[in-house]
Amino acid sequence: MLAIYKREMLSYFTSPIGYVFMGVFLAVSGFIFSLATLQQGVDSDVGTYFTIMLFVFVVVIPLLTMKSFSEERRSRTEQLLLTSPVSLFGMVFGKFLAAYTMFAITYIASCFNYIALYKFGNPNTGQLVGYSIAILLIGAAFVSVGIFISSLTENQIIAAIGTIAVILIFLLASFLNQYIDVYAIRAVLSWISVYSRFGNFTHGVFDFNAVLYYFSISGVFLFLTVRIYEKRRWE
Amino acid sequence: MQTQMIHIDHLVKRYGSKYAVNDISFTVGEGEIVGFLGPNGAGKSTTMNIITGYLSYTSGTVEVGGLDIIDYAYEVKKMIGYLPEQPPLYNDMTVEDYLNFVYDLKKCTFNRKKHLMEICEVVRIADVYKRVIGHLSKGYRQRVGIAQALVGNPKILILDEPTIGLDPRQIVEVRNLIRTLGLDHTIILSTHILSEVQAVCDRVIIISRGKIVADKRTEDIATAVEGNRRISAKICGPQKEVLQTLRAITGVVSAEAVGQHDADSITYIIESQQGVDIRKPLFSALAKSNYPLIGLEPVGMGLEDVFLSLVDAKEPATKSRRKTVSRRSSTEVKE
């Protein structure tokens, strides 16, 4: 697992993808941050910033995950991984961890934005920490969605578009609620909605329920990725 | 009796209703070099993928080093070095990074630097050690692929068409390399080139349509397929008359013109009965009719000939198929 993790990290920096991801992430987050909080007349509430960031993830997270398994499959290097003494879970988790490390490091780097807040305003530290935890957990969930989808195809572009679609569904599911009358469907939609759970963090509440939910999403998609590989082997 | 390194018993792999491997059984002893021979789609790669644990199988048992490959997947994978048909190389890595990655992946516990350097010496890639794999030539890529299989000093090497796509000099190099490796490894290699098997293998397993049609020592394979002899002759003269003359010679089973390769001579393939040398009567017959014979050479048995004669031995009814295919193969398979 460690070997795969190391190789993945290396490949993010021997190819442009790692730099593109970090660059886009930091540039966009800085831009949105300054619009949402540093303009004249806006307060130091960071809720809007984080909400918009969730939608930025729709675009940047596929950059990290689109090639993780699809490229291995296309270039047949997965044959090496699957015939070495590494468990399927180790393989999937190593890939996940590498993509997630990229995500987390970049997010933490983007926290430099907050220095300005502390200098010129009165941010609520508790709220900031709560948000950050939520963002890191949601990131894990989205990264594992991306990893799962890239294990379904050999084509990076399809993997990226598929990931964008699924993440959008997770984010937007609850918005459909206002148009739907059937209680059962609404219950399902708000259950899968990542966004509706994010709401509590916006109010500064640390929601264990939501934490568990984000963890489960990551777990389920990583588990499904392992199953995909098992199934492919046995078909 | 040698120790059994690989033991396969009634192995079946089915995709839906199609059998990729259909009831294969064989054993490979320690230190043997076994060649898997067969045309594309015969089940060579599938069998290799099963032994290495890349694919599962439908039924049967596969044991490597006495251990079942499903129950002891981890131990078995450590015992095997595998070069798939397409070497599993990451084009964005340097050879150095790549081999270090494989070293970690296989959880080796040798002196890393020394071990990798030794491998580079053996497969002769030390001069490209710092280069990016994507920029290497096909021959080097293949050798990096073999290097990858050697990492961790596995007892068994499984090489899927190790010489495919290489130029003749590289082919000879890789074959020599395999022979050297064969001194202290058990090797299974697949190929569809008969001469390759003859050059490196102790034993040949011929597979056709998912079944084993022959499992013999290399020196026995030639006698096993002793059939009619064929020679190719370049003769000047009008084709129709020459053919008549040729067919009139006693011992000639068939004669056919295969093409005109220079201005005034035509090449013919002449098949004679088993054990009859027609070269002398051929010469006198042509001399008598004053058709100059300007070239004469024996045509080697192509894989397909070997193949079909082995299949024919089991199913005599299909014998008539042989002639049509063998003519084509003689030019294609000869290396």
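The values are calculated or read from the model by the stated rules, or taken from the named source; none is laboratory data. Keep in mind it's a predicted model, so treat the numbers as computed, not measured. Don't worry about glycine lacking a Cβ; one is built from the backbone with ideal geometry, like all the others, and counts go over all protein chains shown. All accessible areas refer to the heavy atoms of the entire protein, side chains included, with ligands and DNA or RNA removed. Shrake-Rupley method; radii C 1.70, N 1.55, O 1.52, S 1.80 Å.
Of the solvent-accessible surface of region B:4-224, computed with a 1.4 Å probe over protein heavy atoms with every protein chain present, carbon and sulfur atoms account for 50 percent.
Per-residue ellipticity at 222 nm computed for chain B from its helices equals -11000 deg cm²/dmol, with DSSP H segments shorter than 4 residues left out and the rest contributing -39,500 (n - 2.57).
What residues qualify as long-range amide H neighbours of B:T94, i.e. H under 5 Å apart, gap of 5 or more or another chain, H built at 1.01 Å from N? Here the answer is B:I133, since their amide H atoms fall under 5 Å of that of B:T94.
Farthest towards the positive end of the charge dipole of the protein assembly as shown, among the residues A:I105, A:F89, B:I146, is the Cα of B:I146, using unit charges on the Cβ of Lys, Arg, Asp and Glu.
One Cα centroid belongs to region A:219-235, the other to region B:22-62; the line between them spans 25 Å. Which angle from 0 to 90°, rounded to the nearest 10, does the C-alpha axis of helix A:88-110 make with the longest principal axis of chain A? Helix A:88-110 and the main axis of chain A meet at about 30 degrees. Close amide H contacts of B:V21 (hydrogens built in the peptide plane, cut-off under 5 Å, sequence separation of 5 or more or a different chain): B:K13.
When both region A:68-145 and region B:102-166 are represented by their alpha-carbon centers, they are found 32 Å apart.
Taken one residue at a time, the phi angles of region A:22-37 give Karplus couplings (6.51, -1.76, 1.60, θ = phi - 60°) of 4, x, 5, 4, 5, 5, 5, 5, x, 5, 5, 4, 5, 5, 7, 10 Hz. Gly and Pro are set to x. Partner lysines whose Cα lies under 18 Å from the Cα of B:K114, excluding those fewer than 8 positions away in the same chain, are identified as B:K106, B:K130. May I ask for the angle, rounded to the nearest 10°, between helix A:125-150 and the longest principal axis of chain A, with both axes built from Cα atoms and the value confined to 0 to 90°? Computed tilt is about 30 degrees. Counting only Cβ charges, +1 for Lys and Arg and -1 for Asp and Glu, the dipole size of region A:2-234 around its Cα centre is about 640 debye.
Looking at the protein assembly as shown alone, DSSP beta bridges between its own residues are antiparallel in about 70 percent of cases. Based on protein heavy atoms only, region A:2-234 ends up with 45 Å² per residue of surface accessible to a 1.4 Å probe. Contact order for chain B, expressed relative to its length and based on alpha carbon pairs under 8 Å spaced 6+ residues apart, stands at 17 percent. Relative to the longest principal axis of the Cα atoms of chain B, the long axis of helix B:138-150 makes an angle of roughly 50 degrees.
If you sort the three axes of the alpha carbon gyration tensor as a ≥ b ≥ c, you get a/c of 1.5 or more for the protein assembly as shown and a/b above b/c, which makes it prolate. Over every Cα atom in chain B, the radius of gyration and the widest Cα-Cα span, Dmax, amount to 23.8, 76 Å. Of all aspartates and glutamates in the structure, the ones whose alpha carbon falls short of 16 Å from that of B:K234, not counting any fewer than 8 places away in one chain, are B:E256, B:D262, B:D264, B:E271, B:E297.
Since only B:T245, B:L159, B:M117 are under comparison, the one whose Cα sits farthest along the positive direction of the charge dipole of region B:95-253, derived from C-beta charges on Lys, Arg, Asp and Glu, is B:T245. A cut-off under 9 angstrom between Cβ atoms defines the neighbours of B:G60, and their net charge, with Lys, Arg +1 and Asp, Glu -1, is -1. Note on surface exposure: A:E72, B:E75 rank B:E75, A:E72 by accessible area, highest first, 1.4 Å probe. The overall shape of region A:2-234, judged from the alpha-carbon gyration tensor, is oblate: a/c is not under 1.5, and a/b is no greater than b/c.
Within chain B, antiparallel bridges make up roughly 70 percent of the DSSP beta bridges whose residues both belong there. Over 22 Å apart at the Cα level, from the set A:K67/B:K78; A:K67/A:K231; B:K18/B:K44; A:K67/B:K107, are A:K67/B:K78; A:K67/B:K107.
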